[in-house]
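One structure is given here, and the rest of the page talks about it.
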Amino acid sequence: MKYFIYSLILAASCFLTTQGIAADTAAGKAKYDMLCASCHGATGHGDGVASAALNPKPRDLTASTKSDAELKGVIKNGGASAGLSPSMPAWGAMLQEADIDNVIAYVRSLKK
């Protein structure tokens, strides 16, 4: 019985490692509100208070067709790294991988 329990723990551990931990949309919203909302707007439509001064205007994130990996690259390395607006800053030095995953999860929740 003891070995069966150890086997279950090992299997669960392997599953969690390969599946990853679910992103935290609440934490993503907090980072989004702090770093993104001024340009992309509170609801992600590209209508934040700073958007009036930007050319090109920030993207409507609710209409994005980019993959999570593409969004991660833009958030981490800035817009210019992906051929997008150089006004989009690179947040990779400020945000950890989990923070970026959380922001992406929050942005995805805006489409609903």
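Our summary gives region 48-112 a relative contact order of 29 percent, counting only alpha carbon pairs under 8 angstrom and 6 or more residues apart. Placing unit charges on the Cβ atoms only, positive for Lys and Arg and negative for Asp and Glu, gives region 24-109 a dipole magnitude near 180 debye about its Cα centre. In region 24-109, one over the average inverse separation of all distinct C-alpha pairs is 12.6 Å, which is the Kirkwood hydrodynamic radius.
Every number in this text was worked out from the coordinates using simple rules, so none of it is lab data. Note that this is a predicted model, so its numbers are computed, not measured. Positions of Cβ are backbone-derived with ideal geometry, glycine not excepted, and every protein chain shown enters the neighbour counts.
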